[in-house]
Amino acid sequence: MKYLSRLPALLLTVLLAVPFTAMHTLPAAAQDITVGSKKFTESVILGEIIKFTMTGNDIETAHRRDLGGTRILWSALLKGDIDIYPEYTGTLRQELLKGTDTHTLPLLRAALAKQGIRMSAPLGFNNTYAIGVTKETAARYGLATISDLRRHADFSLGFSNEFLDRGDGWPALRTTYRLPQQNVRGLDHDLAYRGLESGAIDGIDVYTTDAEIAYYDLFLLQDDRNHFPVYDAVILYRADLAERVPGAAATLTRLEGTIDAARMSAMNGAVKLDKKSESTVAAAFVTDRLKIAATPSDSGFVARLWKSTRDHLVLVIISLGAAILFAVPLGILAARHDRVGQCILAVVGIIQTIPSLALFVFMIPLLGIGGPPAIVALFLYSLLPIVRNTHAGLRGIDSGIVESAAAIGLEPGASLRIVELPLAMRSIMAGIKTSAVINVGTATLGALIGAGGYGQPILTGIRLDDTALILEGAIPAAVLALAVQGVFELAERAVVPRGLRLKSNG
Amino acid sequence: MHLMFHLSDISKSYGPLFAVAHTTLDIPAGRTTALIGPSGCGKSTLLRLMNGLIAPDTGSVTFDGEAVTAANASSLRRRMGYVIQQGGLFPHMTARQNISVMARHTGWTAADTESRLQVLADLTRFPLDALARYPAELSGGQRQRVSLMRALMLDPDALLLDEPLGALDPMVRFDLQTELADIFKTLGKTVVLVTHDLFEAAHFASDIVLLRDGAVEQRASMDVLLSAPASTFVKKFVGAQRGLNGARGLNGEPGL
């Protein structure tokens, strides 16, 4: 019977030893500064530009790209997991500092300073909504401003659904400019560009730095009544950066006013349409505009895959290993004590209903960004199947067998170890397998909070509409799920006693 | 007379239902006592009270002069073998592992364990090569033999059996009855047997305890139960059993 009690312990030791060794072999964070960027192309390009500008001035800088949305970056900055990230004044005013009077730049700076955050001067472009028409249309009808549209009531306009609904979108725009157009429809943004090109639509809504503006050679009508909020790009950085890394703040000022909308739009186009890497585009910019030598840091397919695999394995192995160590005893406790059991099952059940992205984001204020919050979230998600199957496996044992174990004189602990756990092992292993597969899948979301893994190429691939890149994450993730399943299938053979695999002959 | 078990004024209820109601019962050492009665009369509960699987609501149980408590139950049970209807064998262990599980747990040497196994296999006429089989690979009768060997492994003072033959088909049951009775005679141990079958009880024991609603209705030999029933309940119970078994002339009991 000894092998039964030793094998799971051995398995767990191996499971736990691997990631800890892996963590120690990870390169230590030698960087002075960490830059973050959101999961859209413009933000990633700006993050790379900041990194190259810093490294060009001999400040060691790491760039954590493709972190999730605004909230994640903002929390990470406040927490100190990142030191710098590019943001927009409009986002600060309307979202992050909502309710505070920030209508002038000095007021905005003061509000940020209260949170220990400083802000650069605007970088030079305003990424807000605009109304775009083809250059031909603009020339033919003599259009320069949005007010000019008043003279062309028969124009057909195609807007994204979000723009049709937003408070500062079409309804408000129509009021501000008293626009007469009746022929207004909602349609997909990509289709809108094509409709404009084919002449089916005369005007569309765009972001002022959209790559497509240059590609389709569009003319943006001037917002002569200042209807749209200003989304000036700025760089946010922690107030303690100045003392921690002397010269860093001064270096950032070199970027102020250097990027106009046309330039940003062209850089976005180079990535999204010409399929250049963000790093290449950013390096070209700093070399050309700031005369700073920069080498694009693009890693090859194998290096990328190796890094994603390593990151992913660390997430899965630590979170799953800890979940097994924690959930099996919890399941035993739940099976032994009815009332406690109800509570345990209810709590782990509730945890499972929290949307995964929300759980990841909740973790940031506590644990920052990167591996630790992702591991804790994955750990929590892995509990339910194991706890429930351990509980069900133990409760499902024939009462005559459990009674016999006690009746021949086995103490409760010995009965659990020698009789009950081996009999419940098949159910427990099934729970662990379920958890493992869910864990491998959910771990791809870890990339949203900077934990890396197979989610990284998936996220970037979705952003760039690059199927090959999506598959670079999705296929290994599927393979890993199958492999993990296979490993536990083998482990099951070792830990589920042979007698349980026999059919009764009556 | 040496008493193996002494149950004093014990009660056990499940919700409002009394399984055992203020019952006092002595089990003498060195012979077989049968507990019998209709379903729900509390006979299985009494057996579980004896080895402490169930704690009584009132009263006390002593085993060989020692009070059975939650603290000492595990160690006392090693001196009481226990066999239940389906055998209660551990399906993940071979017959050999099932029988020797307590010997291993209490640190017997391999040689001692093996020689004891041989003795028991001989006693129960269990084929040695079948010791390597799992319960699922054994017949019903073989399983009960394994269960009996497991109960006897530590050479206990008493043997508690709860319908040990209840799940077997009639032919196997008949054979095993004869064999078990011989084995008990050979061993000379205290045996407490629970059964719902009066003739099985008579086959094993001259001391029959007839229970009704958790209390002793009459304690006597088969002959006395037949000739001098203490109540109409006893009379009806005996009569019903005769109706079921009489035609078979089971075990050659005279006059049945």
Quiz item: Within the stretch A:395-412, is even one residue touching a strand residue (DSSP E or B) at 6+ places or on another chain (Cβ under 6 Å), over 30 Å from A:Gly80 (Cα atoms) and open to solvent by less than 30 Å² (accessible area, probe 1.4 Å)?
Solution: yes
Quiz prompt | Any hit, the stretch B:164-171, residues being part of a helix (DSSP H, G or I), over 21 Å from B:Met50 (Cα atoms) and either in contact with an Asp or Glu (Cβ under 9 Å, 6 or more places away or on another chain) or not small (Gly, Ala, Ser) (or both) | solution = yes
Practice problem: Would you be able to tell me the number of residues in the stretch A:326-342 that are open to solvent by 80 Å² or more (accessible area, probe 1.4 Å) and in a helix (DSSP H, G or I)? | Solution: 5
Quiz item: If we keep just the residues of the stretch B:124-139 that are touching a residue at least 40 places away in the same chain (Cβ under 8 Å) and within 11 Å of chain A (Cβ to nearest Cβ), which is nearest to B:Leu89 (Cα to Cα)?
Solution: B:Pro135
Quiz item: With A:Ile401, A:Ile369 as the choices, which residue is touching a residue at least 12 places away in the same chain (Cβ under 8 Å) and away from every other protein chain (no Cβ under 14 Å)?
Solution: A:Ile369
Quiz item: Are there any strands (runs of 3 or more DSSP E) wholly within the stretch A:172-233 with 1 or more residues that are farther than 25 Å from A:Val281 by Cα and open to solvent by 30 Å² or more (accessible area, probe 1.4 Å), and if so which?
Solution: A:184-186
Self-check item: Residues of the stretch A:269-296 that turn out to be among the hydroxyl-bearing types (Ser, Thr, Tyr) and within 21 Å of the chain's Cα centre (by Cα), as a count
Solution: 2
Practice problem: Could you run through the stretch B:43-67 and say how many residues are open to solvent by less than 40 Å² (accessible area, probe 1.4 Å) and more than 22 Å from B:Pro164 (Cβ to Cβ)? | Solution: 1
Quiz item: Which condition number in (1) touching a Pro at 6+ places or on another chain (Cβ under 8 Å); (2) touching a residue at least 24 places away in the same chain (Cβ under 8 Å); (3) closer than 30 Å to A:Tyr193 by Cα; (4) not in a loop (DSSP other than H, G, I, E, B) is the one that A:Gly257 fails?
Solution: (4)
Quiz prompt | Selection status of B:Phe184, in a helix (DSSP H, G or I), of a type in the set (A, V, I, L, M, F, W, C) and touching a residue at least 12 places away in the same chain (Cβ under 8 Å) | solution = yes
Practice problem: Tell me, yes or no, whether the stretch B:93-116 has at least one residue that is more than 16 Å from A:Ala407 (Cβ to Cβ) and in contact with a Gly (Cβ under 8 Å, 6 or more places away or on another chain). | Solution: yes
Quiz item: Can you name every residue in the stretch B:140-155 that is within 9 Å of chain A (Cβ to nearest Cβ), more than 18 Å from B:Leu76 (Cα to Cα) and open to solvent by 20 Å² or more (accessible area, probe 1.4 Å)?
Solution: B:Gly140
Quiz item: Could you list, in sequence order, the residues of the stretch A:56-67 that are surrounded by 23 or more Cβ atoms within 10 Å (Cβ to Cβ) and more than 15 Å from A:Pro296 (Cα to Cα)?
Solution: A:Asp66, A:Leu67
Quiz item: For the stretch B:5-42, what are the residues that are open to solvent by less than 10 Å² (accessible area, probe 1.4 Å) and touching a His at 6+ places or on another chain (Cβ under 6 Å)?
Solution: B:Ser11
Practice problem: Could you look through the stretch A:103-146, keep only residues that are among the hydroxyl-bearing types (Ser, Thr, Tyr) and under 26 Å from the mean Cα position of the chain (by Cα), and pick out the one that is surrounded by the most Cβ atoms within 10 Å (Cβ to Cβ)? | Solution: A:Tyr129
Self-check item: Options A:Ile418, A:Ile364, A:Ile408, A:Ile397; residue that is within 16 Å of the chain's Cα centre (by Cα), farther than 25 Å from A:Leu482 by Cα and at pLDDT below 95
Solution: A:Ile364
Quiz item: Looking at B:Ala158, is it within 11 Å of another protein chain (Cβ to nearest Cβ) and either over 24 Å from B:Thr94 (Cβ atoms) or open to solvent by less than 30 Å² (accessible area, probe 1.4 Å) (or both)?
Solution: no
Quiz item: Which of the residues spanning the stretch A:68-95 are open to solvent by 50 Å² or more (accessible area, probe 1.4 Å) and either acidic (Asp, Glu) or not assigned by TED's automatic domain parsing to the domain that holds A:Arg118 (or both)?
Solution: A:Glu95
Quiz item: Scanning for something without any contact (Cβ under 8 Å) to a residue 12 or more places away in the chain, open to solvent by less than 30 Å² (accessible area, probe 1.4 Å) and part of a helix (DSSP H, G or I), does the stretch A:413-430 turn up at least one residue?
Solution: yes
Exercise. Give A:Phe360, A:Phe379 a once-over and let me know the one that is in the same structural domain as A:Gly453 (by TED's automatic domain parsing) and open to solvent by 30 Å² or more (accessible area, probe 1.4 Å).
Key: A:Phe379
Practice problem: Quickly run through the stretch B:123-136 and pick out the residues that are touching a helix residue (DSSP H, G or I) at 6+ places or on another chain (Cβ under 9 Å), in a helix (DSSP H, G or I) and open to solvent by 60 Å² or more (accessible area, probe 1.4 Å). | Solution: B:Leu128, B:Ala132
Practice problem: Specify the residue that is nearest to A:Pro412 (Cα to Cα); the eligible residues are those in the stretch B:71-82 that are open to solvent by less than 10 Å² (accessible area, probe 1.4 Å) and more than 16 Å from the chain's Cα centre (by Cα). | Solution: B:Ala73
Practice problem: Look through the stretch B:83-100, keep the residues that are open to solvent by 40 Å² or more (accessible area, probe 1.4 Å) and outside any loop (DSSP other than H, G, I, E, B), and return whichever of them is farthest from the other protein chains (Cβ to nearest Cβ). | Solution: B:Arg96
Quiz item: In the stretch B:34-67, what count of residues is obtained for those that are assigned to a loop (DSSP other than H, G, I, E, B), under 18 Å from the mean Cα position of the chain (by Cα) and within 13 Å of another protein chain (Cβ to nearest Cβ)?
Solution: 4
Exercise. Output the number of the condition that B:Pro170 fails; it satisfies all remaining conditions of (1) without any contact (Cβ under 8 Å) to a residue 12 or more places away in the chain; (2) within 11 Å of chain A (Cβ to nearest Cβ).
Key: (2)
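The values are calculated or read from the model by the stated rules, or taken from the named source; none is laboratory data. Quantities reported herein were computed from a predicted structural model and do not represent experimental measurements. Ideal geometry is used to build each Cβ from the backbone, glycine not excepted, and the neighbour counts take in all protein chains shown. Please note that ligands, DNA and RNA were not included when accessible areas were found on the heavy atoms of the full protein model with its side chains. Shrake-Rupley method; radii C 1.70, N 1.55, O 1.52, S 1.80 Å.
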